[in-house]
Amino acid sequence: MSKIKLIVIDLDGTCHIKFAGPHPGNFEAIKKAHDEYGVKVVFATGRTYYTHFNEFNKLGNLKDGDYYVASFNGANIRNLATNTEIKKSVISNEMTKWLWNYVDTENRFSVMSYSADNFDVIYSADKALIEVEKVFCHPDAKYLLSTELKEFPNSYKFLFFGFTKEDKKILEDKGFHVQWEPGGVAEINAKDINKGFVVDYFCGMLKINHSEVLAMGDGANDVASLNVAGYSVCPANSGPAAKAAAKTVSKYTDAEGCVAKTIEELIFNK
């Protein structure tokens, strides 16, 4: 039996190629940890749960497994075996409206938000961000310009480009959870919703101690999980925030198989 009972693992830049599927060898190592060592697996990602780039089908038959996905940084948690939602933590429609009013008043960001009521996406007049992120959106999504809306849905997450320290303080004071590194895209969730919440949630649900969790991730939105897990590893390509939070910085990048090599070392004891 492995000393690690739960893996909480990021996708883009860690397990997966950015804007694509898994790096070669990662799913094989994860599947072996799950099937042969009894390790439960949570994919914790800022991505949507419905993008085809997740490619969870490559893990084989999920119906009898302990595989989960915590998408939108934990705002939607699903059981992959049953393809059902088990936890949803949204930005309310009132807070969504407040945030879009802030965006439109400031008029200096590129922003998008994901509706938690359907697959729709709201975007700012500056479309730069949505043009990049559109690959993660649902094929049935409607794209709605914020300035044309009077009513707003509940939201899973906002993405901001053009963010500042002052914006971070304003949004946190208002009650949002902000994950951001200067120069990068800010991810905004409801208060206390982040990948650390994901670790806490699954430890409670699965009766696992935090000391038995391996968290892996490369970005600012991984810091919370890296902080609370007993084992935390980030690939060599990680940003400064993840490197500061992780207990171990791997000598391997995501493309060099950091995930598979970490699992081999810590779970397979190779």
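Out of every Cα-Cα pair that the chain contains, those further apart than 31 angstrom amount to 23 percent.
Using a 10 Å cut-off around each Cβ, can you sort Trp98, Trp180 from fewest to most neighbouring Cβ atoms? Walk me through the numbers before you get to the answer.
Working: Trp98 17, Trp180 21.
Ordered from fewest to most neighbouring Cβ atoms within 10 Å, Trp98, Trp180 come out as Trp98, Trp180.
Extension gain for Tyr102 to Glu256 (0.36 nm times residue separation, less C-alpha to C-alpha distance): 51.3 nm.
Rounded to the nearest 500, what is the chain's calculated 222 nm mean residue ellipticity when only DSSP H runs of at least 4 contribute -39500 (n - 2.57) each, over all residues?
Details: 8 runs with 75 residues, N = 270.
So the calculated ellipticity at 222 nm is -8000 deg cm²/dmol.
Whole-Hz Karplus values for segment 219-236 come out as x, 4, 6, 9, 4, 4, 6, 4, 6, 9, 7, x, 10, 9, 9, 10, x, 5 Hz, taken residue by residue from phi with 6.51 cos²θ - 1.76 cosθ + 1.60 and θ = phi - 60°; glycine and proline positions read x.
How large, in Å, is segment 93-189 by the Kirkwood hydrodynamic radius built from its alpha-carbon pairs? Numbers along the way, then the final one.
Details: mean 1/r = 0.0750 Å⁻¹.
13.3 Å is the Kirkwood radius here.
Restricting segment 106-188 to GluC sites (Glu not before Pro) that sit in a DSSP loop and have at most 16 other Cβ atoms within 10 Å of their own Cβ leaves Glu151. Taking the alpha carbon gyration tensor of segment 44-163, multiplying each eigenvalue by 5 and rooting it gives semi-axes of 29, 15, 11 Å, largest first.
Determine the alpha carbon to alpha carbon distance for each of Lys5/Lys243; Lys87/Lys195; Lys88/Lys157; Lys31/Lys261 and list only those over 18 Å.
Lys5/Lys243
Sorting His177, His23 by the number of Cβ atoms found within 10 Å of their own Cβ, with the fewest placed first, yields His23, His177. Model label sites at Lys247 and Phe268, defined 7 Å from Cα along the beta-carbon direction, differ in position by 2.2 nm. Antiparallel versus total DSSP beta bridges in segment 1-126: what percent is that, nearest 5? For segment 1-126, the DSSP antiparallel bridge percentage is about 55. Computed from label points 7 Å out along Cα-Cβ, the spacing between Glu181 and Glu28 is 3.0 nm.
Using equal-weight Cα scatterers in the Debye expression, the normalised intensity of segment 150-240 in log10 at q = 0.22, 0.25 Å⁻¹ is -1.11, -1.23.
Throughout, read-outs are computed from the coordinates displayed, never taken from laboratory work. In this text the structure is predicted, and so the values were computed from the model without any measurement. Backbone-built Cβ (ideal geometry, glycine too); neighbour counts: all protein chains shown.
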